[in-house]
1. At 0.36 nm per residue, minus the direct Cα-Cα distance, what do N289 and Y337 gain on full extension? Give it in nm, one decimal, please.
2. Is any helix in the chain, taking whole DSSP H runs, at least 30 angstrom long along its axis by alpha carbon and on average at least -0.5 on the Kyte-Doolittle scale, and which ones?
3. Cross-link list K48/K268; K85/K154; K368/K433; K113/K151; K48/K210: which exceed 24 angstrom alpha carbon to alpha carbon?
4. When DSSP assigns beta bridges and you keep just the ones with both residues in the chain, what percent turn out antiparallel, to the nearest 5?
5. As a footprinting exposure proxy, order M81, M422 by other Cβ within 10 Å, with the fewest listed first.
6. Please report how far the C-alpha centroid of region 298-326 lies from that of region 102-131, rounded to the nearest whole angstrom.
7. If you put +1 on each Lys and Arg Cβ and -1 on each Asp and Glu Cβ, how big is the dipole of region 345-451 around its Cα centre, in Debye rounded to 20?
8. Please sort 300-308, 281-289, 409-417, 151-159 by packing, taking for each peptide the average over its residues of neighbouring beta carbons within 10 angstrom, highest first.
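Only the coordinates and a few stated rules stand behind these numbers; no lab work does. Please read these numbers as outputs of a predicted model, since none were measured by experiment. Every residue, glycine as well, gets a Cβ built from its backbone with ideal geometry; the counts of neighbours run over all protein chains shown.
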Amino acid sequence: MYDIIILGSGPGGYVAAIRAAQLGLKVACVDKSSIGGTCLNIGCIPSKSLLDSSLKHYQLLNDYDSHGIHVEGVNLDLNIMMQRKEGVVSQLTAGVEALFKSNKVEFIEGSGKLLSNSQVEIHNENLKETLETRNIVIATGSSPIELNNIKLSKHIVDSEGALRFEEVPKRLVIIGAGVIGLELGSVWARLGSEVVILEAQDHFLPMLDKRISRQVFKEFQNQGLDIRLGSAVLNAEENQDGMKLAYSNADMETSVQADKVILAVGRKPNVKNLFDDTLLELNQEGFINVNEFCQTSLENVWAIGDVVRGPMLAHKASEEGVMVAERIADHDVGLNYDHVPNVIYTHPEVAWVGLNESQLKDQGIDFKSGSFPFLASGRALASGESAGSVFITADNATDKILGIQVFGPSAAEILQQGLIAMDQGVTSENLSKTIFSHPTVSEALHEATLAMNNKAIHIQNRKKK
Ligand code: NAD
């Protein structure tokens, strides 16, 4: 009898397994494919490896001359770049395997199916058995959404296929200007593809305030991403020249030719064949229904990560994994879902947390805001990374920080500093009194906070009314 059987070994499942084992529980973690889930094997980690490699290539070709460094004879060896990526993945998955061993988590290779709240059927090529357990945690993640009119093929791939191109496509079309579309579009544009991104919505990155999404859009267009908003894809047709994608834009039908197409229109929860229909409640979008503590409609069955509501982010899944493991061990813990950070790992990065200005207005919250452009940051200028800004909002009455959006150098790290302050309930005034090292790009957060209170030093403050 196990204390917990966890289905899925991604950043939700494996973290839950390790934490539960640390708490003295008997844990098995079941996965039908390699340990580490989407994030380690075909998501966050390999894509970051390619993002870093491709950035080095781009910078060698485009940025070094301005530093007085002339580089000739740059050769791209995509094969080595891909091997390096696979090496990073293997190193990390081996690390998780070692952690399972040292924490005495049992890893079972196979597919798991819930028979009840205490029985899980496991099957793989060699075995079919039913295991008994006191708790079940479902952490089976998500898969790319497919479109009825666009079928995957040798020319049309999803995010996984896009990490495995054998050569740089000359003309690459991406469907969806979301997180995956922008990250993978950046990788291949930096390696030489002509990239067109077709985005159905008119509003680019709608979770960002317009001021910042406009900056992001302009910068990415300058980097060669041809982002066509309001473009709904109608169909794809194979021809001698690759694929012809028909799409409508402003009520006009038009088309674009591609050698490769990446479909990046969102992901759906993996719930198929996990349990019989009546066992667990799903919500209207097909996610497993859970409460704030990730408890499902069935006692002692929990679900975390991409199979439940909320953003599909590895760190959100991991924190839910820790929370669930600790709650099973009778610890009274919860999560602050208002403080989940989001990052798009382009260059510059885009990072945000908390409420944006239109959400604050919709909720009738009286707030103040401040911003600071990296153009006025000495460190950003010295590094040639002066695109973008920091935006911050705080409650007018309590001065508590409500939201931060950063587009610029080290945006994810800068956001994290602000998020620590937010999480600890630090006021904007207190953050503005913190001493920031000079010269760092983090000073932009400091100055944005000062600007909110009309005390900015390195930009003009708003005129007092
Ligand atoms: P997404 O929801 O971020 O973006 C999908 C985009 O596709 C949307 O802008 C949508 O309007 C557009 N779209 C939908 N149907 C379309 C159509 N028919 N034609 C044109 N455009 C269409 O989804 P994603 O980029 O596929 O990413 C999936 C999930 O994975 C997201 O939840 C994301 O947060 C997560 N993810 C996160 C990271 C990260 O944290 N850096 C990286 C990769 C993926």
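1. So the chain would gain 15.7 nm between N289 and Y337.
2. Membrane-span-like by this rule: 78-103.
3. The answer is K113/K151; K48/K210.
4. 65 percent
5. Placing the least packed residue first, the sequence is M81, M422.
6. What the calculation gives is 19 Å, centre to centre.
7. Dipole magnitude for region 345-451 comes out near 120 debye.
8. Peptide ranking by packing, descending: 300-308, 409-417, 151-159, 281-289.
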